[in-house]
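Rule-based calculations on the coordinates, nothing more; no lab input. Worth saying up front: this structure is predicted, and the values here are computed from it rather than measured. We place every Cβ from the backbone using ideal geometry, glycine too, and count neighbours over all the protein chains shown.
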Amino acid sequence: MHEEFEKIYQDYAEDLYYFILQMCRNENLAMDILQDTMLKAVTSIDKFKGECSMKTWLCTIAKHIYFDYLKKAESKNISLEILPEHAEQNSFEQQISDSEQALQIHKILHKLEEPYREIFMLRVFAELKYVDIGAIFNQSENWAGVMFYRAKKN
């Protein structure tokens, strides 16, 4: 069991961390959510039925943990608009040379309604396939493609 967890962590932790970082824009919070995600995955591994990829399952857990954090922050009236500076630039930010443009993209994503925002993030940041995104929402691959198109249009 320990070796199995080590393999899962080695295979998915880095991608999962960057997926979480794109959602929360805070390195410390992303690391905390990553650890909580891995803990939840270990304790819930018997619930993984293989209907989607392990990466999709882990991203779903991370997304739920992050949304729980947002709900708690909102109930405590903590501003969600504060964007901390990152010590290092991640690969997505390196592609965007203008930091003002990155901030604008982040603001636009936060204004995008669900499920469009989540679908966009899963496709662009987590680089999931439409079939995996559809599985997260218990929908078809075609549905995920259409929803991603609408998210881009919005």
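About the centre of its Cα atoms, the range 1-40 shows a dipole size close to 200 debye [charges on the beta carbon of Lys, Arg (+1) and Asp, Glu (-1) only; nearest 20 debye]. Measuring between alpha carbons in the structure, the pairs from LYS72/LYS153; LYS7/LYS49; LYS55/LYS107; LYS40/LYS107; LYS72/LYS152 lying more than 22 angstrom apart are LYS72/LYS153; LYS55/LYS107; LYS40/LYS107; LYS72/LYS152.
ASP15 sits among other residues whose Cβ lies under 15 Å from its own Cβ, and their net charge, with Lys and Arg +1 and Asp and Glu -1, is +1. Between the beta carbons of GLU4 and ASN28, assuming R0 = 25 Å, the FRET efficiency works out to 0.35 to the nearest 0.05.
Kindly state, to the nearest 0.05, the FRET efficiency for LYS71 paired with LYS107, given R0 = 22 Å and r defined as their beta-carbon distance. Don't skip to the answer; put the middle values down first.
On the way: r = 21 Å, r/R0 = 0.94.
Efficiency at R0 = 22 Å is approximately 0.60.
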